[in-house]
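The structure appears below as structure tokens.
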Amino acid sequence: MQYVILGLLLAGPLSLYDLHKQFGQGVSLFYSASFGSLQRALQHLVAQGLVTVSEASEGRRGRKLHTITDDGRAAWREWMLAPTTGADAETTMLAKVFLTGSLTDPADRAAVIARLRERVSADLDGLTGAAASIDAQSIPAEYAAMFAFQRATLDYGIRAHELAARWLDELPGDAV
């Protein structure tokens, strides 16, 4: 969540309320966040020196604005360009695509999409390999029903990765 927050702060300072609103208007399609989780993440980012916080000069009293620092911009760019790892790869992929337009260098945008394609392709290869290995096995009749549903779950993963690969390939060329 921290990198998504940093990416949203690239457009300018935001209050906690504004940040929550930004999540609700797009990010929540793949990542939901409560006020409390956003507040904790902002506090962590401030403690790391990646975000500063200041009182708003106008509007409601006590409204605090969060601004990304140069270190925050560098950390966000590093995360964007890093290979996607871990179990939450789909959420991370969606977050990176959502934020790719905030990268100013077209070569950086292309690198992000290329790394995402590599990850999806590698995962798809692993799933199709597992499916081929499983399908080559003889399943005893008493386990046929159980196996059918387990195999259906694997098929879902294959189809989801095939869709992700096509989706990445269909991103607008001028965006990359």
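Criterion first (outside the structural domain of residue 169 (by TED's automatic domain parsing), farther than 25 Å from residue 170 by Cα and touching a residue at least 24 places away in the same chain (Cβ under 8 Å)) does residue 20 satisfy it?
Numbers: outside the structural domain of residue 169 (by TED's automatic domain parsing): yes; farther than 25 Å from residue 170 by Cα: yes; touching a residue at least 24 places away in the same chain (Cβ under 8 Å): no.
Spelling it out, it is not the case that residue 20 is outside the structural domain of residue 169 (by TED's automatic domain parsing), farther than 25 Å from residue 170 by Cα and touching a residue at least 24 places away in the same chain (Cβ under 8 Å).
Pick from 7, 49: which is under 16 Å from residue 93 (Cα atoms), surrounded by 12 or more Cβ atoms within 10 Å (Cβ to Cβ) and either at pLDDT 95 or above or not charged (D, E, K, R) (or both)?
Going through 7, 49 in turn, the sole match is 7.
When you check residue 112 against the structure, is it out of contact with any strand residue (DSSP E or B) (no Cβ under 9 Å at 6 or more places or on another chain), in contact (Cβ under 8 Å) with a residue 40 or more places away in the chain and either not assigned by TED's automatic domain parsing to the domain that holds residue 3 or not basic (Lys, Arg) (or both), yes or no? Break it down stepwise before answering.
Values: out of contact with any strand residue (DSSP E or B) (no Cβ under 9 Å at 6 or more places or on another chain): yes; in contact (Cβ under 8 Å) with a residue 40 or more places away in the chain: no; either not assigned by TED's automatic domain parsing to the domain that holds residue 3 or not basic (Lys, Arg) (or both): yes.
Taking the combined requirement at face value, the residue does not satisfy it.
Can you name the residue in segment 58-81 that is modelled with pLDDT of 95 or more and among the small types (Gly, Ala, Ser) and is also surrounded by the fewest Cβ atoms within 10 Å (Cβ to Cβ) among such residues?
Ranking the candidates gives 74 first.
Is there a residue being over 30 Å from residue 169 (Cα atoms) and either part of a helix (DSSP H, G or I) or over 17 Å from the mean Cα position of the chain (by Cα) (or both) anywhere in segment 77-100? Lay out the reasoning, then the answer.
Within segment 77-100, the first condition is being over 30 Å from residue 169 (Cα atoms), and the residues that meet it are none.
So far as segment 77-100 goes, no, none of its residues is over 30 Å from residue 169 (Cα atoms) and either part of a helix (DSSP H, G or I) or over 17 Å from the mean Cα position of the chain (by Cα) (or both).
Can you name the residue in segment 131-176 that is among the acidic types (Asp, Glu) and over 30 Å from residue 107 (Cα atoms) and, of all such residues, is modelled with the lowest pLDDT?
The first filter runs over segment 131-176 and keeps only residues among the acidic types (Asp, Glu), leaving 135, 142, 155, 162, 169-170, 174.
Retained after the next criterion (residues that are over 30 Å from residue 107 (Cα atoms)): 135, 142, 155.
Numbers: 135: 90, 142: 93, 155: 96.
So, considering only residues that are among the acidic types (Asp, Glu) and over 30 Å from residue 107 (Cα atoms), the one modelled with the lowest pLDDT is 135.
Restricting attention to segment 159-175, does a residue exist that is of a type in the set (D, E, K, R), surrounded by 15 or more Cβ atoms within 10 Å (Cβ to Cβ) and outside the structural domain of residue 26 (by TED's automatic domain parsing)? Let's see the steps before the verdict.
We begin by selecting, within segment 159-175, every residue of a type in the set (D, E, K, R); these are 159, 162, 166, 169-170, 174.
Next, from what is left, pick out any that are surrounded by 15 or more Cβ atoms within 10 Å (Cβ to Cβ): none.
No - not one qualifying residue is present in segment 159-175.
This table checks each residue for (1) without any contact (Cβ under 8 Å) to a residue 12 or more places away in the chain; (2) farther than 23 Å from residue 120 by Cβ; (3) of a type in the set (Asp, Glu).
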{"site": "30", "(1), (2), (3)": "no, no, no"}
{"site": "33", "(1), (2), (3)": "no, yes, no"}
{"site": "36", "(1), (2), (3)": "yes, yes, no"}
{"site": "49", "(1), (2), (3)": "no, yes, no"}
{"site": "53", "(1), (2), (3)": "no, yes, no"}
{"site": "72", "(1), (2), (3)": "no, yes, no"}
{"site": "86", "(1), (2), (3)": "yes, no, no"}
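Quick one: residue 54 ticks every box in (1) small (Gly, Ala, Ser); (2) under 21 Å from residue 15 (Cβ atoms); (3) assigned by TED's automatic domain parsing to the domain that holds residue 107 except a single one, so which number is it?
(3)
Would you say residue 40 is without any contact (Cβ under 8 Å) to a residue 12 or more places away in the chain, out of contact with any Phe, Trp or Tyr (no Cβ under 6 Å at 6 or more places or on another chain) and over 30 Å from residue 117 (Cα atoms)? Let's see the steps before the verdict.
Numbers: without any contact (Cβ under 8 Å) to a residue 12 or more places away in the chain: yes; out of contact with any Phe, Trp or Tyr (no Cβ under 6 Å at 6 or more places or on another chain): yes; over 30 Å from residue 117 (Cα atoms): yes.
So residue 40 fits the description; yes.
The values are calculated or read from the model by the stated rules, or taken from the named source; none is laboratory data. Bear in mind the structure is a predicted one, so any value in this text is a computation, not a measurement. Using ideal geometry, Cβ is built from the backbone for each residue, glycine included, and neighbour counts are taken over all protein chains shown.
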